[in-house]
Ligand SMILES: [Zn+2]
Ligand SMILES: [Zn+2]
(Lines give C-alpha, C1' and ligand atoms only; values in the text may rest on other atoms or scores of the structure.)
(Ligands and ions follow the chains in the order given, each with its own letter.)
Protein backbone atom coordinates (compact mmCIF):
# COMPACT_ATOMS: atom_id res chain seq x y z
CA UNK A 1 0.00 0.00 0.00
CA UNK A 2 1.40 3.40 -0.95
CA UNK A 3 -0.55 4.90 1.95
CA UNK A 4 -3.52 4.00 4.10
CA UNK A 5 -5.33 5.68 6.96
CA UNK A 6 -8.60 7.49 7.58
CA UNK A 7 -7.09 10.39 5.63
CA UNK A 8 -5.83 8.80 2.41
CA UNK A 9 -5.77 5.38 0.76
CA UNK A 10 -3.98 3.99 -2.26
CA UNK A 11 -3.00 0.35 -2.94
CA UNK A 12 -0.90 -0.89 -5.83
CA UNK A 13 -1.04 -4.35 -7.42
CA UNK A 14 1.53 -5.39 -10.00
CA UNK A 15 1.71 -8.54 -12.14
CA UNK A 16 4.15 -9.43 -14.93
CA UNK A 17 2.58 -6.99 -17.41
CA UNK A 18 0.16 -4.86 -15.45
CA UNK A 19 0.20 -2.27 -12.66
CA UNK A 20 -3.03 -0.97 -11.17
CA UNK A 21 -4.09 1.20 -8.26
CA UNK A 22 -7.03 0.66 -5.98
CA UNK A 23 -8.21 4.16 -5.04
CA UNK A 24 -6.43 7.49 -5.39
CA UNK A 25 -6.65 9.10 -1.98
CA UNK A 26 -3.15 10.58 -1.92
CA UNK A 27 -1.57 13.18 -4.20
CA UNK A 28 -0.33 12.29 -7.67
CA UNK A 29 3.15 13.31 -6.55
CA UNK A 30 3.13 10.95 -3.57
CA UNK A 31 1.67 8.20 -5.74
CA UNK A 32 4.47 8.63 -8.28
CA UNK A 33 7.22 8.77 -5.65
CA UNK A 34 5.75 5.74 -3.85
CA UNK A 35 5.68 3.70 -7.04
CA UNK A 36 9.16 4.57 -8.23
CA UNK A 37 10.81 4.26 -4.83
CA UNK A 38 9.30 0.78 -4.44
CA UNK A 39 10.74 -0.18 -7.84
CA UNK A 40 7.28 -0.62 -9.38
CA UNK A 41 7.96 1.54 -12.46
CA UNK A 42 6.36 4.76 -13.63
CA UNK A 43 3.28 3.41 -15.44
CA UNK A 44 -0.23 2.70 -14.20
CA UNK A 45 -2.67 0.80 -16.43
CA UNK A 46 -5.85 1.53 -14.48
CA UNK A 47 -7.30 2.91 -11.27
CA UNK A 48 -10.04 0.86 -9.60
CA UNK A 49 -12.28 2.80 -7.22
CA UNK A 50 -13.76 1.13 -4.14
CA UNK A 51 -16.17 3.91 -3.19
CA UNK A 52 -16.63 7.65 -3.42
CA UNK A 53 -15.41 8.80 0.01
CA UNK A 54 -12.77 11.50 -0.32
CA UNK A 55 -10.03 9.54 1.48
CA UNK A 56 -10.19 7.19 -1.58
CA UNK A 57 -10.71 9.68 -4.42
CA UNK A 58 -9.22 12.96 -3.26
CA UNK A 59 -6.69 13.33 -6.07
CA UNK A 60 -8.32 11.00 -8.59
CA UNK A 61 -8.49 13.43 -11.52
CA UNK A 62 -4.86 14.49 -11.12
CA UNK A 63 -3.62 10.90 -10.69
CA UNK A 64 -5.59 9.70 -13.76
CA UNK A 65 -4.17 12.56 -15.81
CA UNK A 66 -0.62 12.06 -14.64
CA UNK A 67 -0.68 8.35 -15.56
CA UNK A 68 -3.02 8.77 -18.56
CA UNK A 69 -5.09 5.79 -17.43
CA UNK A 70 -8.79 4.92 -17.23
CA UNK A 71 -10.84 4.74 -14.03
CA UNK A 72 -12.86 1.58 -13.32
CA UNK A 73 -15.76 1.28 -10.93
CA UNK A 74 -19.39 0.28 -10.72
CA UNK A 75 -22.02 2.52 -12.26
CA UNK A 76 -23.36 4.04 -9.05
CA UNK A 77 -19.87 4.85 -7.75
CA UNK A 78 -18.70 6.35 -11.05
CA UNK A 79 -21.77 8.56 -10.92
CA UNK A 80 -20.55 10.07 -7.63
CA UNK A 81 -16.98 10.85 -8.70
CA UNK A 82 -17.58 14.16 -10.44
CA UNK A 83 -16.26 16.36 -7.56
CA UNK A 84 -12.88 14.61 -7.88
CA UNK A 85 -12.57 14.68 -11.68
CA UNK A 86 -11.47 17.13 -14.34
CA UNK A 87 -14.02 15.93 -16.89
CA UNK A 88 -11.56 14.46 -19.38
CA UNK A 89 -11.14 11.03 -17.75
CA UNK A 90 -12.11 7.71 -19.29
CA UNK A 91 -14.57 6.02 -16.93
CA UNK A 92 -15.23 2.29 -17.37
CA UNK A 93 -18.22 0.71 -15.72
CA UNK A 94 -17.72 -2.81 -14.33
CA UNK A 95 -20.32 -5.10 -12.84
CA UNK A 96 -19.70 -6.69 -9.50
CA UNK A 97 -18.82 -10.40 -9.43
CA UNK A 98 -18.10 -10.35 -13.16
CA UNK A 99 -14.49 -11.11 -14.10
CA UNK A 100 -12.81 -8.60 -16.40
CA UNK A 101 -9.48 -9.11 -18.14
CA UNK A 102 -6.92 -6.32 -18.06
CA UNK A 103 -3.80 -7.51 -19.91
CA UNK A 104 -2.55 -10.44 -17.77
CA UNK A 105 -4.79 -9.66 -14.77
CA UNK A 106 -8.28 -10.96 -14.04
CA UNK A 107 -10.11 -8.42 -11.90
CA UNK A 108 -13.27 -9.09 -9.92
CA UNK A 109 -15.17 -6.73 -7.64
CA UNK A 110 -17.47 -7.73 -4.80
CA UNK A 111 -19.83 -5.91 -2.43
CA UNK A 112 -18.79 -4.69 0.98
CA UNK A 113 -20.98 -3.25 3.71
CA UNK A 114 -20.14 0.45 4.12
CA UNK A 115 -21.97 3.78 4.04
CA UNK A 116 -21.32 4.69 0.40
CA UNK A 117 -23.53 4.39 -2.68
CA UNK A 118 -22.23 0.99 -3.87
CA UNK A 119 -18.96 0.17 -2.10
CA UNK A 120 -16.81 -2.75 -3.21
CA UNK A 121 -13.56 -4.61 -2.75
CA UNK A 122 -11.44 -6.13 -5.52
CA UNK A 123 -9.44 -9.26 -6.26
CA UNK A 124 -6.65 -9.52 -8.88
CA UNK A 125 -5.49 -12.84 -10.36
CA UNK A 126 -2.49 -13.27 -12.66
CA UNK A 127 -3.07 -16.98 -13.35
CA UNK A 128 -0.96 -18.04 -10.38
CA UNK A 129 -1.59 -15.78 -7.41
CA UNK A 130 -4.51 -13.75 -6.18
CA UNK A 131 -4.42 -10.51 -4.19
CA UNK A 132 -7.39 -8.69 -2.67
CA UNK A 133 -8.21 -5.26 -1.29
CA UNK A 134 -11.00 -4.41 1.17
CA UNK A 135 -10.31 -1.30 3.22
CA UNK A 136 -13.70 0.01 4.38
CA UNK A 137 -16.25 -2.45 5.67
CA UNK A 138 -18.53 -2.64 8.68
CA UNK A 139 -18.97 -6.41 8.66
CA UNK A 140 -17.24 -9.40 7.07
CA UNK A 141 -20.06 -10.82 4.95
CA UNK A 142 -20.17 -14.25 3.28
CA UNK A 143 -19.42 -12.48 0.00
CA UNK A 144 -16.28 -10.87 1.43
CA UNK A 145 -15.15 -14.19 2.87
CA UNK A 146 -15.77 -16.02 -0.42
CA UNK A 147 -13.65 -13.58 -2.42
CA UNK A 148 -10.85 -12.88 0.03
CA UNK A 149 -10.33 -16.42 1.32
CA UNK A 150 -9.27 -17.39 -2.22
CA UNK A 151 -6.50 -14.78 -2.08
CA UNK A 152 -2.88 -15.35 -1.14
CA UNK A 153 -2.58 -11.80 0.19
CA UNK A 154 -4.95 -8.99 1.12
CA UNK A 155 -5.00 -5.37 2.18
CA UNK A 156 -7.58 -5.58 4.91
CA UNK A 157 -9.02 -3.03 7.28
CA UNK A 158 -8.04 -2.81 10.96
CA UNK A 159 -9.60 0.59 11.66
CA UNK A 160 -9.89 1.06 15.39
CA UNK A 161 -9.24 -0.29 18.82
CA UNK A 162 -12.61 -0.71 20.50
CA UNK A 163 -11.44 0.77 23.84
CA UNK A 164 -9.71 3.75 22.26
CA UNK A 165 -12.81 4.54 20.23
CA UNK A 166 -15.09 4.09 23.23
CA UNK A 167 -12.99 6.37 25.48
CA UNK A 168 -12.06 8.82 22.72
CA UNK A 169 -13.53 12.21 22.02
CA UNK A 170 -15.61 11.39 18.95
CA UNK A 171 -19.29 12.28 19.35
CA UNK A 172 -21.55 9.32 20.04
CA UNK A 173 -23.24 9.38 16.62
CA UNK A 174 -19.82 9.04 14.97
CA UNK A 175 -18.81 6.20 17.30
CA UNK A 176 -22.08 4.46 16.40
CA UNK A 177 -21.43 4.99 12.69
CA UNK A 178 -17.91 3.55 12.92
CA UNK A 179 -18.92 0.45 14.88
CA UNK A 180 -22.15 -0.09 12.90
CA UNK A 181 -22.62 -2.55 10.01
CA UNK A 182 -21.94 0.22 7.45
CA UNK A 183 -18.84 1.50 9.23
CA UNK A 184 -15.37 0.11 9.85
CA UNK A 185 -13.76 -3.04 11.26
CA UNK A 186 -12.06 -3.00 14.65
CA UNK A 187 -8.65 -4.60 15.14
CA UNK A 188 -10.36 -7.55 16.80
CA UNK A 189 -12.90 -7.97 13.96
CA UNK A 190 -10.04 -7.79 11.50
CA UNK A 191 -8.02 -10.47 13.28
CA UNK A 192 -11.03 -12.77 13.59
CA UNK A 193 -11.88 -12.25 9.93
CA UNK A 194 -8.34 -12.95 8.73
CA UNK A 195 -8.19 -16.09 10.88
CA UNK A 196 -11.51 -17.31 9.49
CA UNK A 197 -10.48 -16.67 5.90
CA UNK A 198 -7.07 -18.27 6.41
CA UNK A 199 -8.78 -21.43 7.73
CA UNK A 200 -11.36 -21.38 4.96
CA UNK A 201 -8.97 -20.79 2.07
CA UNK A 202 -5.37 -20.05 1.32
CA UNK A 203 -4.85 -16.60 2.74
CA UNK A 204 -1.31 -16.22 4.12
CA UNK A 205 -0.41 -12.50 4.06
CA UNK A 206 -2.21 -9.32 5.08
CA UNK A 207 -1.41 -5.64 5.18
CA UNK A 208 -3.52 -4.00 7.87
CA UNK A 209 -5.20 -1.00 6.29
CA UNK A 210 -7.17 2.14 7.08
CA UNK A 211 -5.92 2.54 10.65
CA UNK A 212 -7.69 5.43 12.33
CA UNK A 213 -5.50 8.40 13.19
CA UNK A 214 -7.50 9.02 16.36
CA UNK A 215 -8.72 5.64 17.51
CA UNK A 216 -5.87 3.24 16.80
CA UNK A 217 -2.15 2.74 17.15
CA UNK A 218 -0.09 0.66 14.74
CA UNK A 219 1.48 -1.46 17.51
CA UNK A 220 -1.96 -2.15 19.00
CA UNK A 221 -3.48 -3.13 15.64
CA UNK A 222 -0.60 -5.50 14.92
CA UNK A 223 -0.64 -7.04 18.41
CA UNK A 224 -4.42 -7.57 18.43
CA UNK A 225 -4.52 -9.17 14.96
CA UNK A 226 -1.49 -11.36 15.66
CA UNK A 227 -3.07 -12.48 18.93
CA UNK A 228 -6.27 -13.57 17.10
CA UNK A 229 -4.25 -15.51 14.53
CA UNK A 230 -2.14 -17.21 17.22
CA UNK A 231 -5.29 -18.24 19.08
CA UNK A 232 -6.18 -20.36 16.05
CA UNK A 233 -2.57 -21.47 15.61
CA UNK A 234 -2.36 -19.92 12.17
CA UNK A 235 0.99 -19.19 10.56
CA UNK A 236 0.40 -15.85 8.91
CA UNK A 237 2.42 -12.83 7.75
CA UNK A 238 0.91 -9.56 9.01
CA UNK A 239 2.28 -6.18 7.93
CA UNK A 240 1.20 -2.64 8.69
CA UNK A 241 0.21 0.09 6.26
CA UNK A 242 1.24 3.64 7.12
CA UNK A 243 -0.43 7.00 6.87
CA UNK A 244 2.49 8.86 5.34
CA UNK A 245 4.71 6.31 3.64
CA UNK A 246 4.41 3.01 1.74
CA UNK A 247 4.11 -0.34 3.50
CA UNK A 248 6.60 -3.10 2.72
CA UNK A 249 5.81 -4.97 -0.50
CA UNK A 250 4.33 -8.46 -0.46
CA UNK A 251 5.80 -10.51 -3.30
CA UNK A 252 3.92 -13.66 -4.26
ZN1 LIG B 1 -15.29 4.97 3.34
ZN1 LIG C 1 -11.97 5.19 3.84
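The values are calculated or read from the model by the stated rules, or taken from the named source; none is laboratory data. As the structure is a prediction and not an experimental result, all values here were calculated from the model. For neighbour counting, all protein chains shown are included, and Cβ atoms are generated from backbone atoms with ideal geometry for every residue, glycine included.
List of remarks:
- Being surrounded by fewer than 21 Cβ atoms within 10 Å (Cβ to Cβ), part of a loop (DSSP other than H, G, I, E, B), in contact (Cβ under 8 Å) with a residue 60 or more places away in the chain and within 16 Å of ligand 1 (Cβ to nearest atom) is true of residue 7.
- Taking each residue of the stretch 200-213 that is modelled with pLDDT of 95 or more and looking for partners that are in a strand (DSSP E or B) and within 16 Å of ligand 1 (Cβ to nearest atom) with beta-carbon atoms closer than 7 Å, six or more apart or interchain, yields 206/156; 207/155; 208/156; 209/155; 209/156; 209/157; 210/157; 212/160.
- Among (1) more than 16 Å from ligand 1 (Cβ to nearest atom); (2) over 17 Å from the mean Cα position of the chain (by Cα), the one test that residue 80 misses: (1)
- Listing of helices (runs of 4 or more DSSP H) fully contained in the stretch 35-140 that carry 1 or more residues being touching a residue at least 60 places away in the same chain (Cβ under 8 Å) and crowded, with 19+ Cβ neighbours inside 10 Å: 54-57
- Answer residue from the stretch 165-197, given it is in a helix (DSSP H, G or I) and over 29 Å from residue 149 (Cβ atoms) and is farthest from ligand 2 (Cβ to nearest atom) among those: 167
- Failed item, numbered, when residue 53 is tested on (1) closer than 20 Å to residue 218 by Cβ; (2) within 16 Å of ligand 1 (Cβ to nearest atom): (1)
- Qualifying residue in the stretch 135-155 (condition: within 16 Å of ligand 1 (Cβ to nearest atom) and closer than 18 Å to residue 45 by Cβ): no
- Test for residue 149: is it away from ligand 2 (no atom under 15 Å from the Cβ), in contact with a strand residue (DSSP E or B) (Cβ under 8 Å, 6 or more places away or on another chain) and over 24 Å from residue 244 (Cα atoms): no
- Residue 91 vs. criteria within 27 Å of residue 182 (Cβ to Cβ) and within 16 Å of ligand 2 (Cβ to nearest atom): no
- Only one of the numbered conditions (1) part of a helix (DSSP H, G or I); (2) over 24 Å from residue 26 (Cβ atoms); (3) away from ligand 1 (no atom under 16 Å from the Cβ); (4) in contact (Cβ under 8 Å) with a residue 40 or more places away in the chain is not met by residue 223, and that is (4).
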